[in-house]
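Encoded as structure tokens, the structure appears first; notes follow it.
FYI, it's all coordinate maths here, none of it is from the lab. Just so it is clear, the structure is predicted and the values come from calculations on it, not from any experiment. Ideal geometry is used to build each Cβ from the backbone, glycine not excepted, and the neighbour counts take in all protein chains shown.
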Amino acid sequence: MNYSSKLVNVKKDPGHGSHISPVYMTSTFVFDNAEIGAKRFAGEDEGFMYSRLGNPNVRELEEKVAELEFGEACLAFSSGMAAITGCLLGILQAGDHVIAHTDLYGATHAFLSTTVKKFGIDVSFVPFKTGEELEPFMTAKTKVIYFETPSNPKLSLVDMKSVADVAKQKGALTIVDNTFLSPYLQNPILCGIDIVVHSATKYLSGHGYLIGGLVVASKEIINPMRKEVQKTMGATLAPMDAWLLCQGIRTLHVRMDRSQENAQILAERLEKHKAIDRVYFPGLASFQDRSIMGKQMKGPGAMISFVLKGGYEQGVKLMNSVKLCTLAVSLGDVGTLIQHPASMTHAIMPKEEREKAGLSDGLVRFSVGIEDVEDIWQDLEMALDQKSE
Ligand SMILES: *Cc1c(COP(=O)(O)O)cnc(C)c1O
């Protein structure tokens, strides 16, 4: 089946044959007798027990996303951060070493630089692009290589296959946060990556109405994570949110295609604007990592970052001038969202670390939606012109 058809296709609900699954708003499930209850807890019967441990809507979502990411299994969490932290805590133990990319989502960076270290796990932040650049930083204790590609918010790329090859040779697991492109535009597992994490809050949902997270990997990795991390830590996705995600996923390709088309036009115009110093967008000829893009991405995506000549103050001014673009963090919504990392998402990151990762004070992050592209441009141009007065 073609990928687009896979996205749209739904499984008929076995109960009454409803086209779209009902929402199983229940905390617990009834056992017909003690033997069935015992079998379920022993893992000998597939049936449900309690919604923290599994629910039909959550299972439907997990099966769908495992298929879309070409993984064996998927585990849903109550947020992207729950998926990322749950995944790392499930795999790591005291004495392990983690290599994380310097360019990371703010909260992921905070978790790796503070919480993880409390458990006797050593973390190195390294700005690698290839396996070759990564290799010198690996030690016998390196258990996990963690990165985003494209990264947040500079959109720099990492060559997944070359990193996966080096990590495999040395016995480390690779984890990629694939939030920025969604499974429609990139599938890390096909490049040899072991684990894919998503903030489902973004493109998979597409409509800004929920918070959710997903981990996709082999059964060997997911099964213990389901038992240990999900069962005991309890960051379970709610049935209603799982249901909404299943609906959101059905239009992923259409939303992505339009957002990406808009982003291409806007990035080209932004690059020529006098108030702008630099535009980061994988679809531009000037983009630094074009050669990596061709190896692993089906398109440039719809996230644009640009640097204002006027720095921090002008970033704030732009945020206060836009009208159609919504001033909000998050991304991947059908509506265009704009934010200023230095004063918002990355304010949590020490300035020194921020600069090391190349995040200047004038950097603006822009998640392009599916509105009419001329309307978005008009809004931006108006706001940029005001700024440069
Ligand atoms: C939003 C985001 C997260 C965190 O996800 P939540 O659903 O907000 O917890 C992690 N990584 C990236 C790249 C994100 O954009």
Worksheet item: Gaussian network model of the chain, Cα springs within a sub-10 Å range: biggest mean-square fluctuation belongs to which of GLN288, GLN169, GLN186?
Response: GLN169
Discussion item. Between GLU72 and GLN378, how high is the FRET efficiency from 1/(1 + (r/R0)^6) when r is the Cβ-Cβ distance and R₀ = 41 Å? Nearest 0.05.
Written reply: 0.30
Discussion item. As a quick test, which of the pairs LYS118/LYS231; LYS141/LYS161; LYS39/LYS219 have an alpha carbon distance above 24 angstrom in this structure?
Written reply: none
Fill in: Cross-link pairs beyond the 23 Å C-alpha cut-off, checked among LYS202/LYS309; LYS272/LYS317; LYS168/LYS356
LYS202/LYS309; LYS168/LYS356
Worksheet entry | Theoretical ellipticity at 222 nm over the chain - DSSP helices of four or more residues, -39500 (n - 2.57) apiece, nearest 500 | -10500 deg cm²/dmol
Worksheet item: HIS16 versus GLU352, label points 7 Å from Cα toward the beta carbon: distance in nm?
Response: 6.3
Worksheet item: Which angle from 0 to 90°, rounded to the nearest 10, does the C-alpha axis of helix 373-387 make with the longest principal axis of the chain?
Response: 50
Worksheet, complete the sentence: For the stretch 1-96, listing GluC sites (Glu not before Pro) in a DSSP loop whose Cβ sees at most 16 other Cβ atoms within 10 Å gives GLU44, GLU46, GLU72
Item to complete: Sequence neighbours fewer than 8 away in the same chain don't count; with that in mind, list the aspartates and glutamates whose C-alpha is under 14 Å from LYS351.
Response: ASP103, ASP361
Worksheet, complete the sentence: So the FRET efficiency between ARG278 and LYS39, C-beta based with R0 = 51 Å and rounded to 0.05, is 0.25
Worksheet item: Applying 1/(1 + (r/R0)^6) with R0 = 22 Å to the Cβ-Cβ distance of LYS118 and SER343, what FRET efficiency is obtained, to the nearest 0.05?
Response: 0.20
Item to complete: State the extension gain, in nm to one decimal, for the chain segment bounded by TYR3 and SER286, taking 0.36 nm per residue of separation less the distance between their alpha-carbons.
Response: 98.9 nm
Discussion item. Cut-off 10 angstrom, C-alpha nodes, Gaussian network model of the chain. Which of LYS272, LYS141, LYS39 fluctuates the most?
Written reply: LYS39
Item to complete: For the chain, find the longest principal axis of its Cα atoms and tell me its angle to the long axis of helix 56-68, 0 to 90°, nearest 10.
Response: 60
Fill in: GNM flexibility winner over the chain from SER291, SER305, SER21 (Cα, springs under 10 Å)
SER291
Worksheet item: Taking only Cα atoms, what is the 0 to 90° angle, nearest 10, from helix 311-321's long axis to the longest principal axis of the chain?
Response: 80
